[in-house]
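Here the structure is laid out as structure tokens; the discussion comes afterwards.
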Amino acid sequence: MVKVVLWGSLKKAAGGQTEVEVEAKNVREVLDRLKETYPKLSADIDRGVSVSIDGVIFRDAWFAPIKPESEVYLLPRLAGG
Amino acid sequence: MIKTKFKLVGTRPLRPDGVDKVTGRARFGADISAPGMLHALILRSPHAHARIKSIDTSRAEKLPGVKAVVTRDDFKLPEREDLVDICRNVMAREKALYDGHAVAAVAAVSKTVAREALKRIQVEYQVLPHVTDVDAAMKPRAPILHKGMRTIGAEPAAKKDSNVAQIHTFGHGDVVKGFAKADIIIERSFKTEATHQGYIEPHACLATYGADDRADLWCCTQGHYMVRNACAGLLGMEVSHLRVTASEIGGGFGGKTTVFIEPVALALSRKAGKPVKLVMSRDEVFRASGPTSSSSTDVKIGITKKGKITAAQAILRYQGGAFPGSPVQFGAMTGFAPYDLENVHTVGYDVVANRPKQAAYRAPGAPLAAFAIESVIDELAHKIGMDPLEFRLKNAAREGTKSSYGPTFGPIGLEATLKESKKHPHHLAPLGPNQGRGVACGFWFNFGGQTSVSLNIGEDGTVSVVEGNPDIGGSRASMCLMAAEELGVPYEKVRTVIADTASLGYNEVTDGSRVTFAVGMATIKAARQAIAIMCERAAKIWDIPAEAVVWEDGCAKPAGSNAGNFKPMTLAEIAGSAGSTGGPISGHSEATADGAGVSFATHMVDVEVDPDTGKVTVLRYTVFQDAGKAIHPAYVEGQFQGGAAQGVGWAINEEYIYGEDGRLQNPGFLDYRIPVASDLPMIDTVILEIPNPGHPYGVRGVGETSIVPPLAAIANAVSEAAGVRLTHLPMSPPRVLKAMMENGKGAA
């Protein structure tokens, strides 16, 4: 199981939790499991998110590996100028 | 493994685009013409908020020389959700949502005819109440821009329409408990006015839509693949049917990361069957491109008497123009990022108002948050008599710190920038009367993204790097340096060109400080692939295994005496025989670059405030920033200086001024005052190099972080010089003088 920390705005969509656990070994599986378990997260995830794994932020890396002990944060999709 | 020893990287060769730019050969957006070309102009709303009851174009269409007129009827709302607001921004539909919103466009044989045609278009408006201020837009009885817009993230769920599109929250710990532990708490509110990126080159394009539904578009943009995909989506085209070529670019800074006129030019060209050129005037750039948000922010920070932060919170409200999508979430994520905080909480409100839809401006959203938060940090340091740099060092985020937006930091350079600031001569220099010194820290993310590079070895041993990101800050020089470094050839032997969208795989926009990091990584990988091929060719010629050949100093060599005794072959020698040894040699990299490292900076500035007029003069400025590895230090310094210079304008002079009628009052450089050379001192720079482990050379993006601290650093300096805390940007002479006089300072 991987512990995923959601940014505060997603708490309500995740049933009042900001930390959830899902069975996943990469980014895509994390996103899929989150959408399955908390369907109200789907809209935010589909609009685009970033995933931080052990302090490194990924935007489009479905297959970036995640270890059970990894620190995983779901964050808004980064943009820049 | 990060490379640490370099022969070329870190040197300062001449920029490859220099001759073109000083001789006028460089071709910008408006420099291209085509046979039979038409000239286009756009009719824009004179109202901040109005229902468009009807548009009658018949008189314009009858005017001799008019070849096409387009309105909302020519743009079907796209199915792609991310394009809907772009479509509505490109051409108003039911309502005009801001002064300058496009309502119709004309293509004619000359600008004179097009101008006359615009006068003949009759638009019937029903003027509606408007709102341009962020706080006013959030009030319960504010005019609502979008029927049916409910606040996402509101608790309890929103039941009424609102101009607040979304609420974002971040943080960890318990700020209530944290504030209970504080000996000193400061709460302040801040406002900033909208600014424009101030790029000198207006948006410009030439669209050629063929009878076969294939089209070409030449335009000034930070991302021509983005332009291709957006325009194709808006016009119902297949992406491969639209080829986009990026011109040289006269500045972007984030403002050219979306489309405004390009779909309009294509629609006109499709309708007219002729090439159409469309160039924004400066007035249009101000009124109808993408300035920054304006903002309103409340900050509360508590500390112990010894200067340790116990709790920090901020409520940020950014209006992002007429459509959702202000960068408030980034302000809420980044403002406290320089600090190691046990208890932190931020809330960001994304607000719509009757202004042009904001676009990115270097580190979007972060400077506004830093202005407010770093101002309070500064005030707290002074309150307990601690050096502001020492205060920041005491609370600084370091490797292992849980960031204010969540993830734990890896190796970061904030502490290095603060320590370097403390020992710099600037910090120790005396100040005169009416002068003040301010410091501030800033943080920005980097990201990589989809990137394609092709590196071709010419038969004479020269090299071309083909990449797909418009060069807005020296990336061609950096790519040449990295390719030359890997290949072991002189810098002058490498040329980097920007390919059109049909000639290379997809590339994300030149934004997010990503290009030197991501395209650099791709260039290095492509060079290494080409080297592997060249080693294979040498091995074939020597009839030894490829593994027995190494690449050193621009030559293929036997790996050791066991491999055989062969004279090293230079790149040029291998390239010269390529046709006989297997064909052309090139390397490629097509990947999504990951591993970007975050970036920190500390800025220090001295100002003098005229007590009679409130005018602020910037006397001295020094930027300390972590670049990871500076590929071309002169360009890195340029990025540092450019951020500081733009920050000076943002802090002191620049602002969008709206009248009671909701119309922009100062859409030109005469009344919207960006800094000129005489407004700026020489901006000193100190490059720190704390390698990013996610890049082969340790590179961190540097293009955006330098815009984050200046607003706060200058505000802190002005506040010290004026003897009163300035909380509203820009700190223009009337605003500074008023603040001084209200506090018994300055002219009586």
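Residue by residue, here is whether (1) of a type in the set (A, V, I, L, M, F, W, C); (2) in contact (Cβ under 8 Å) with a residue 12 or more places away in the chain; (3) not assigned by TED's automatic domain parsing to the domain that holds B:Ile714 holds:
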position: B:Phe409; (1), (2), (3): yes, yes, no
position: B:Leu418; (1), (2), (3): yes, yes, no
position: B:Lys422; (1), (2), (3): no, yes, no
position: B:Leu428; (1), (2), (3): yes, no, no
position: B:Arg437; (1), (2), (3): no, yes, no
position: B:Ser452; (1), (2), (3): no, yes, yes
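Quick grid of which residues meet (1) within 30 Å of B:Gln358 (Cα to Cα); (2) in contact with a helix residue (DSSP H, G or I) (Cβ under 9 Å, 6 or more places away or on another chain); (3) modelled with pLDDT of 95 or more:
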| position | (1), (2), (3) |
| --- | --- |
| A:Glu29 | no, no, yes |
| A:Arg33 | no, no, yes |
| A:Ile53 | no, yes, yes |
| A:Val56 | yes, no, no |
| A:Leu78 | yes, yes, no |
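Would you mind stating whether B:Leu504 is hydrophobic (A, V, I, L, M, F, W, C) and touching a residue at least 60 places away in the same chain (Cβ under 8 Å)? Write out each step before concluding.
Values: hydrophobic (A, V, I, L, M, F, W, C): yes; touching a residue at least 60 places away in the same chain (Cβ under 8 Å): no.
The answer is no for B:Leu504.
In segment B:164-183, the residues that are away from chain A (no Cβ under 12 Å) and surrounded by 21 or more Cβ atoms within 10 Å (Cβ to Cβ) reach residues that are in a helix (DSSP H, G or I) and of a type outside the set (Ser, Thr, Tyr) with C-beta atoms within less than 9 angstrom, at least six apart or across chains, in these pairs: B:Val164/B:Ala137; B:Val164/B:Met138.
Of the residues making up segment B:650-704, those that are over 28 Å from B:Lys357 (Cβ atoms) and of a type in the set (S, T, N, Q) are B:Ser678, B:Thr685, B:Asn692.
Checking the conditions here, which among B:Gly223, B:Gly250 is at pLDDT 95 or above, within 14 Å of chain A (Cβ to nearest Cβ) and either farther than 16 Å from B:Leu278 by Cβ or out of contact with any Leu (no Cβ under 6 Å at 6 or more places or on another chain) (or both)?
Result of the check over B:Gly223, B:Gly250: B:Gly223.
Among the residues of segment B:522-571, the ones that are small (Gly, Ala, Ser) and part of a loop (DSSP other than H, G, I, E, B) come to 4 in all. Name the residues in segment A:60-75 that are in contact with a Gly (Cβ under 8 Å, 6 or more places away or on another chain) and either under 20 Å from B:Thr169 (Cα atoms) or more than 7 Å from chain B (Cβ to nearest Cβ) (or both), would you? Within segment A:60-75, A:Glu71, A:Tyr73, A:Leu75 qualify. Among the residues of segment B:563-601, the ones that are over 23 Å from B:Glu467 (Cβ atoms) and charged (D, E, K, R) come to 2 in all.
On the given criteria, is B:Val347 surrounded by 23 or more Cβ atoms within 10 Å (Cβ to Cβ) and touching a residue at least 60 places away in the same chain (Cβ under 8 Å)?
Numbers: surrounded by 23 or more Cβ atoms within 10 Å (Cβ to Cβ): no; touching a residue at least 60 places away in the same chain (Cβ under 8 Å): yes.
For B:Val347, the condition - surrounded by 23 or more Cβ atoms within 10 Å (Cβ to Cβ) and touching a residue at least 60 places away in the same chain (Cβ under 8 Å) - is not met.
Candidates are the residues of segment B:590-605 that are surrounded by fewer than 23 Cβ atoms within 10 Å (Cβ to Cβ) and at negative phi; the one that is modelled with the highest pLDDT is B:Glu590.
Taking segment B:1-53 as the range and being hydroxyl-bearing (Ser, Thr, Tyr) and part of a loop (DSSP other than H, G, I, E, B) as the test, the residues that pass are B:Thr4, B:Thr11, B:Ser33, B:Ser45.
Among the residues of segment B:656-702, the ones that are crowded, with 18+ Cβ neighbours inside 10 Å and over 25 Å from B:Ser513 (Cα atoms) come to 7 in all.
Put simply, of B:Ala522, B:Ala556 the only residue that is of a type in the set (Gly, Ala, Ser), more than 14 Å from chain A (Cβ to nearest Cβ), buried (at least 23 other Cβ atoms within 10 Å of the Cβ) and over 25 Å from the mean Cα position of the chain (by Cα) is B:Ala556.
Mind listing whichever residues of segment B:692-746 are under 26 Å from B:Lys383 (Cβ atoms), part of a loop (DSSP other than H, G, I, E, B), in contact with a helix residue (DSSP H, G or I) (Cβ under 8 Å, 6 or more places away or on another chain) and not charged (D, E, K, R)?
Initially, segment B:692-746 is screened for residues under 26 Å from B:Lys383 (Cβ atoms), giving B:708-731, B:735-746.
Applying the additional criterion that residues be part of a loop (DSSP other than H, G, I, E, B) yields B:708-709, B:723-727, B:730-731, B:743-746.
If we keep only those that are in contact with a helix residue (DSSP H, G or I) (Cβ under 8 Å, 6 or more places away or on another chain) as well, we get B:708-709, B:723-727, B:730-731, B:745-746.
Result: B:Val708, B:Pro709, B:Gly723, B:Val724, B:Leu726, B:Thr727, B:Pro730, B:Met731, B:Gly746.
The values are calculated or read from the model by the stated rules, or taken from the named source; none is laboratory data. As the structure is a computational prediction, the values presented were derived from the model and not from experiment. Note: ideal-geometry Cβ built from the backbone for every residue, glycine included; neighbour counts use all protein chains shown.
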